[in-house]
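Notes to accompany the following structure.
The values are calculated or read from the model by the stated rules, or taken from the named source; none is laboratory data. Quick caveat: nothing in here was measured; it's all calculated off a predicted structure. All Cβ positions, even for glycine, are placed from backbone atoms using ideal geometry, and neighbour counts span all protein chains on display.
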């Protein structure tokens, strides 16, 4: 397996049983024509190796440029790398992080109730498998 610093691209760690998180990954894949993003679920051995303890399930994590980004900062920096007008969302980075993260956390606490939860982690289709760690 490659780490966030290896393998040539930013790595998105996401809650693999969360329907909202899985939909977000599919959204990114469809708008990442350069195929720069790689993915792993937060429940995976790769995520545990990269982040340590598995108590990180409340947040999407972006490993890019030798740094670890979480919550709203991760989401906005991901948007900044997408095709189309999505990079404009990165302008929201001017909003203080505590305010952005409060909104992120509000949705995060309700994501299973609002969007549902899977019994096991989502498995990508074969043509996407090379972009996913474990």
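For region 113-128, the criterion of being over 22 Å from residue 26 (Cβ atoms), surrounded by 15 or more Cβ atoms within 10 Å (Cβ to Cβ) and at pLDDT below 95 is satisfied by no residue at all.
The condition of being assigned to a loop (DSSP other than H, G, I, E, B), over 24 Å from residue 33 (Cβ atoms) and touching a helix residue (DSSP H, G or I) at 6+ places or on another chain (Cβ under 7 Å) holds for residue 134.
Between 40, 47, the distinction of being under 9 Å from residue 13 (Cβ atoms), modelled with pLDDT of 85 or more, in contact with a helix residue (DSSP H, G or I) (Cβ under 6 Å, 6 or more places away or on another chain) and buried (at least 20 other Cβ atoms within 10 Å of the Cβ) belongs to 40 only. Residue check: is residue 129 under 19 Å from residue 16 (Cβ atoms) and either part of a loop (DSSP other than H, G, I, E, B) or free of Cβ contacts under 8 Å to residues at least 60 places away in the same chain (or both)? Considered against the rule, which asks whether it is under 19 Å from residue 16 (Cβ atoms) and either part of a loop (DSSP other than H, G, I, E, B) or free of Cβ contacts under 8 Å to residues at least 60 places away in the same chain (or both), residue 129 comes out as yes.
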